[in-house]
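Read through the structure below, which is laid out as C-alpha cells, and then see the notes.
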Amino acid sequence: MESTRLIAPLLAALAFGCGSAVAVPGLTEKVVSDPSSGIALYGYDPVAYFVDSKATPGRRDIEAEWNGAAWRFESEANRAAFLSAPDVYAPRFGGYDPEAVANGAAAAGHPLLFRVSGDRLYLFRTSEARDSFANDAAAEAAWPKLEAKLTD
C-alpha cells in the first residue's frame, strides 16, 4: 500500500511532464537552476566569481532565497554580500547564454564557462561562445521579450 501511494504521484508527474524534470514549486525559469533541486547556478557561489575569479561550489548549510531560487555560498560573508546587492552578483540574463539570448533562445549557461565583464557575470554554453563574447548589446535588446516568455 505504501509503495502504491509513492509511485502514483511519480507516474502522474512523468505522464504530465513527458519524462522531463518536474518543476520545483516556487521556483522560476528566469534563473538557471538545477532542475532536480532548484538550486541556482547548480550550487555555485555567485559572489565567488567576483572575489575569487573562479567558480566555487557553495555550501549546503549556507543558502539564501532570492528571485524564486535557492542560492548557495562558500561563506557567510559571500551570502551577506549577495543579499545586500543581488542584482550585482546574480548572473546577467539569469545565467542564460548571452549568445543564445541574442538569438531569442533560453539556453542555460554552464557555471564553469563564465566571464565577468563590465562588473557583470555571464555564463555560456560553450567555451567558443565565451571566448568570442564581445558585448551584450544584442542580448540586452532581446532579453525583455525572452524573459517575458519564461514562467514565473
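Is it the case that residue 94 is open to solvent by 40 Å² or more (accessible area, probe 1.4 Å) and at positive phi? Can you show your working first?
Values: open to solvent by 40 Å² or more (accessible area, probe 1.4 Å): no; at positive phi: yes.
Taking the combined requirement at face value, the residue does not satisfy it.
If residue 82 satisfies every condition in (1) more than 14 Å from residue 30 (Cα to Cα); (2) of a type in the set (Phe, Trp, Tyr); (3) open to solvent by 40 Å² or more (accessible area, probe 1.4 Å) but one, which is the exception?
(3)
How many residues does the range 99-112 contain that are open to solvent by less than 40 Å² (accessible area, probe 1.4 Å) and under 13 Å from the mean Cα position of the chain (by Cα)?
So the answer is 3.
Within the range 126-148, does at least one residue satisfy the condition of being open to solvent by less than 50 Å² (accessible area, probe 1.4 Å), in contact with an Asp or Glu (Cβ under 9 Å, 6 or more places away or on another chain), touching a residue at least 60 places away in the same chain (Cβ under 8 Å) and not in a helix (DSSP H, G or I)? Talk me through it step by step, then tell me what you get.
In the first step, residues of the range 126-148 are kept if they are open to solvent by less than 50 Å² (accessible area, probe 1.4 Å); the result is 127, 129, 133, 136, 139, 142-143, 146.
Imposing the further condition that a residue be in contact with an Asp or Glu (Cβ under 9 Å, 6 or more places away or on another chain) reduces the set to 129, 133, 139, 143.
Next cut, touching a residue at least 60 places away in the same chain (Cβ under 8 Å) only: none.
No, every residue in the range 126-148 fails to be open to solvent by less than 50 Å² (accessible area, probe 1.4 Å), in contact with an Asp or Glu (Cβ under 9 Å, 6 or more places away or on another chain), touching a residue at least 60 places away in the same chain (Cβ under 8 Å) and not in a helix (DSSP H, G or I).
The values are calculated or read from the model by the stated rules, or taken from the named source; none is laboratory data. Quick caveat, the model's predicted, so the values are computed rather than measured. Heads up, the Cβs are rebuilt from the backbone with ideal geometry, glycines too, and the neighbour counts pull from every protein chain shown. Areas reflect the complete protein model, heavy atoms only, side chains present, ligands, DNA and RNA absent. Shrake-Rupley method; radii C 1.70, N 1.55, O 1.52, S 1.80 Å.
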